[in-house]
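The values are calculated or read from the model by the stated rules, or taken from the named source; none is laboratory data. Just so we're clear, the structure is a prediction, and the values are computed from it rather than from any experiment. Reconstructed Cβ throughout: ideal geometry from the backbone, glycine too, with neighbour counts over all protein chains shown.
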């Protein structure tokens, strides 16, 4: 680096430049600072790399006619193969919606109780339990779902099999719960106390304050929590692979088996011929998943920031 | 941050990637064999490895599953010494292998009789190939059409691209008309064991898998051929009277040498084939 | 319309929410309880200290335990320096720059990518592309990449928690930016960073999808020797024995689930303990 550049008049705030003029950084410090910058750059690079790589391996199959994106059949080994993504998309969508419909009311309710009503000691215990729930590996949940929940669902609804969208959704709902509970609680906590005090001063009860003041004020945060929960559910693989039944067709109810995008990748990647249309189709599914989670997470992020600025 | 510094930072990732690439995988130790591939064969491969390591402790064998495709790809990429496969290599794979300077050699190491299984309480115990084709393609949907109870049939299959699924589709569903598809209602289970578990709990279920997975929780049905109904037993696969059986392969890079050769020879020997029998597969001897 | 008594309404709401909370929490107890009750019988010293025998049906799961520990250690090794450096950049060097916004967006996206997509990426890039093979190196790199957002986010949070007046005081004394970071900011946020690392550990230990195609072996009784070896891993082992191995005892399956759950929740409990101590000891 050119020393004259370093001693040039200040570009930004004053003190920083004064510092530069008097302090000559030893090489170790430069190296470390370089490393810090490099690491940050690489994070961007990784995302680009993943996207690029998925796109390259999918080989533009989406644009060839073999990948009938709107096809109703996923028959990758037939002659000719059919890579209709609709049944998989429908499967993912169904479990995601069902799981979210279960998880959001329960999660938000629990968050309100934990954040607003629970006595301090109870609150700590509840929070730790929620964290434990988040930590349980998905393969353990899938294992128990297969052994315990699926037979239960089967006998409860008198079904031919318990490996259904409902079993998967129940498992996924509880897997998304920690995200929803903790983020909703954050959102409630970040509502300024002045609003709360104002409501109390007007004679509102705690519940009235929560319903009329806190919840509306925390709405963007709660929506963000929901979106992140959705992201978690869509991306979940092992539990779904083990308990959703994996039948690749468009479901008519939650009591039928379904097959998701993630489970398809995990189950089929092992047997494909590398570089074949099937291999490319699976990477295309990866790309689709990447796209969906990208959109969902970006929306969540926007909501969080809107919540912060308002 | 000035501009030159940024340029340097852009270059650094490139250097880093080059660096990681250059630490390529070292040549395998002579005494270690990496095996990977077919899920159908993973238990067999594990049993072979366990028995062989007991006899020759100086050799070390790592067994991985994942699927026939994973195994063959690993062989092609030089990251595995042996590939288990329950299907033969596809043209595309051979071409890719030659491109990489790998010359896969095929060894038949045993046979797999696919058993069609139902719940032990199911009275139906004999089915012809044509009936099986109609059941799995969704034409027959109730057990009472086959002389059983009035109960819907729950179809269990492996995922679409497992070697087992492909074989069953070509050789059972295809008997009446080539290219017949599995019924859309078939549940695609991630593994043979999960089919076994589900059949064990579900009186309406029917599934198929390698003979090795049969346990008292399921009952195999006798499959009808021109010679009458035949049960999936080792003897019936050996004398070729049982119709749904397929070869199991191991692929090596070129003619095997050294440790790998010794291992393959052992697998093909009596002791290796005894393991095949013990795992309820069918030996080649 | 008859107006309801607001206090009665509040009592009812409170009860309802309590029930909902119980409904959320009870499955945790059920899962943990079931696994402990059904698995404890299988877990003894032999189970923890020997290799599997007789087609994984007998013997122990030592290689899987060691494999999981190795994978976790590797993932931490790769991701911590990287993640901490990124967090330092975000908080200390360029909090409001355009690049920082991109980096944040990148981290956000990395956090959202499904684990099976990381598995695909790891398979394609590390195993096949860089010819690392199915190995500890490929698996830990995949896990590290996946856990990078956890480290970055938690580190950034704890760096932000250090009051600005500490930085200002340090800079005013003539310390450089790096010296401030090194001697003032990092020591004061160490426990927070540590909590993040512990949480990553528990997450990395339980993941299956990313290691499915990159490192996990079905059967490998020897302990790993080099970073090019494959390893067995607990989550993969549980998946394998509960879906692929015929006629395996239910107690063995629950036993593996118990060990995995014990490891993950134990590590998590440590993180929680560290954090609560940190909150108590906070000096500002």
#### Entry: Whichever residue in the range C:200-215 is within 15 Å of residue C:122 (Cα to Cα) and part of a helix (DSSP H, G or I) and, among such residues, is nearest to the other protein chains (Cβ to nearest Cβ)
C:209
#### Entry: Among (1) touching a residue at least 12 places away in the same chain (Cβ under 8 Å); (2) touching a helix residue (DSSP H, G or I) at 6+ places or on another chain (Cβ under 8 Å); (3) within 21 Å of residue B:209 (Cβ to Cβ), the one test that residue B:151 misses
(3)
### Message
For residue A:27, only one of the following conditions fails: (1) more than 10 Å from chain C (Cβ to nearest Cβ); (2) more than 18 Å from residue C:178 (Cβ to Cβ); (3) modelled with pLDDT of 65 or more. What is its number?
### Response
(2)
### Message
Restricting to the range A:75-114, name every residue that is over 23 Å from the mean Cα position of the chain (by Cα) and in a helix (DSSP H, G or I).
### Response
A:113
### Query
Can you name every residue in the range C:197-228 that is more than 12 Å from the chain's Cα centre (by Cα) and surrounded by fewer than 24 Cβ atoms within 10 Å (Cβ to Cβ)?
C:221, C:222, C:223, C:224, C:225, C:226, C:227, C:228
### Message
Take residues that are closer than 17 Å to residue C:133 by Cα and free of Cβ contacts under 8 Å to residues at least 40 places away in the same chain and tell me which of the helices (runs of 4 or more DSSP H) falling wholly in the range B:26-108 contain 3 or more.
### Response
B:68-76
### Query
Does residue C:37 qualify as being closer than 27 Å to residue A:135 by Cα, more than 10 Å from chain A (Cβ to nearest Cβ) and either assigned to a helix (DSSP H, G or I) or at pLDDT 90 or above (or both)?
yes
### Task
Report the residue count in the range C:180-190 for those that are surrounded by fewer than 17 Cβ atoms within 10 Å (Cβ to Cβ) and more than 15 Å from residue C:87 (Cα to Cα).
1
### Out of A:194, A:161, sole residue that is modelled with pLDDT of 90 or more and more than 28 Å from the chain's Cα centre (by Cα)
A:194
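Let's see how each residue does on (1) surrounded by fewer than 21 Cβ atoms within 10 Å (Cβ to Cβ); (2) touching a residue at least 60 places away in the same chain (Cβ under 8 Å):
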{"residue": "A:235", "(1), (2)": "no, no"}
{"residue": "A:244", "(1), (2)": "no, yes"}
{"residue": "A:248", "(1), (2)": "no, yes"}
{"residue": "A:266", "(1), (2)": "no, no"}
{"residue": "A:269", "(1), (2)": "no, no"}
{"residue": "A:286", "(1), (2)": "no, yes"}
{"residue": "A:301", "(1), (2)": "yes, yes"}
### Message
Being touching a helix residue (DSSP H, G or I) at 6+ places or on another chain (Cβ under 8 Å), farther than 25 Å from residue B:223 by Cα, within 13 Å of chain A (Cβ to nearest Cβ) and modelled with pLDDT under 90: is that true of residue B:73 here?
### Response
yes
### Message
Conditions first: (1) out of contact with any helix residue (DSSP H, G or I) (no Cβ under 8 Å at 6 or more places or on another chain); (2) at pLDDT below 85. Residue B:189 passes all but one, so which condition is the exception?
### Response
(1)
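Report yes if some residue within the range B:83-100 is buried (at least 18 other Cβ atoms within 10 Å of the Cβ) and at positive phi; otherwise report no. Can you show your working first?
At the first step, the residues of the range B:83-100 found to be buried (at least 18 other Cβ atoms within 10 Å of the Cβ) are B:83-87, B:89, B:93, B:96-97.
Among the residues that remain, those that are also at positive phi are: none.
Checked the range B:83-100: no residue is buried (at least 18 other Cβ atoms within 10 Å of the Cβ) and at positive phi.
Hey, which of the strands (runs of 3 or more DSSP E) in the range B:175-284, taking only ones fully inside, have at least 1 residues that are over 19 Å from the mean Cα position of the chain (by Cα)? Can you show your working first?
Values: elements: B:187-189, B:205-210, B:222-225, B:228-230, B:245-253.
Passing ranges, in order: B:205-210, B:222-225, B:228-230, B:245-253.
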### Query
Can residue C:64 be described as more than 11 Å from chain A (Cβ to nearest Cβ) and assigned to a loop (DSSP other than H, G, I, E, B)?
no
### Query
Of these, A:141, A:147, A:180, A:136, which one is buried (at least 22 other Cβ atoms within 10 Å of the Cβ), free of Cβ contacts under 8 Å to residues at least 60 places away in the same chain and either within 30 Å of residue A:239 (Cα to Cα) or not assigned by TED's automatic domain parsing to the domain that holds residue A:236 (or both)?
A:136
### Task
Looking at (1) under 20 Å from the mean Cα position of the chain (by Cα); (2) over 24 Å from residue B:238 (Cβ atoms), find the lone condition where residue B:171 falls short.
(2)
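Filter the range B:123-145 down to the residues that are touching a strand residue (DSSP E or B) at 6+ places or on another chain (Cβ under 7 Å) and closer than 19 Å to residue B:203 by Cβ and list them by number.
We begin by selecting, within the range B:123-145, every residue touching a strand residue (DSSP E or B) at 6+ places or on another chain (Cβ under 7 Å); these are B:124-129, B:132, B:135-136, B:141-142.
If the condition is that a residue be touching a strand residue (DSSP E or B) at 6+ places or on another chain (Cβ under 7 Å) and closer than 19 Å to residue B:203 by Cβ, then B:124, B:125, B:126, B:127, B:132, B:135, B:136, B:141, B:142 are the ones that fit.
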### Summary
Only unsatisfied item for residue C:174, checking (1) touching a residue at least 40 places away in the same chain (Cβ under 8 Å); (2) not in a helix (DSSP H, G or I), is (1)
### Task
Quickly run through the range A:79-135 and pick out the residues that are facing chain C (nearest Cβ under 8 Å) and farther than 25 Å from residue C:267 by Cβ.
A:105, A:106, A:109, A:112, A:113, A:117, A:118
### Query
Quick one: which helices (runs of 4 or more DSSP H) sit completely within the range A:154-270 and have at least 3 residues that are within 26 Å of residue C:112 (Cα to Cα)?
A:165-189, A:219-235, A:238-243, A:261-268
### Query
Looking at the range A:119-139, is at least one residue modelled with pLDDT of 90 or more, within 26 Å of residue B:198 (Cβ to Cβ) and in a helix (DSSP H, G or I)?
yes
### Query
Counting just the residues of the range C:13-31 that are more than 7 Å from every other protein chain (Cβ to nearest Cβ) and within 14 Å of residue A:178 (Cα to Cα), which one comes out farthest from the chain's Cα centre (by Cα)?
C:22
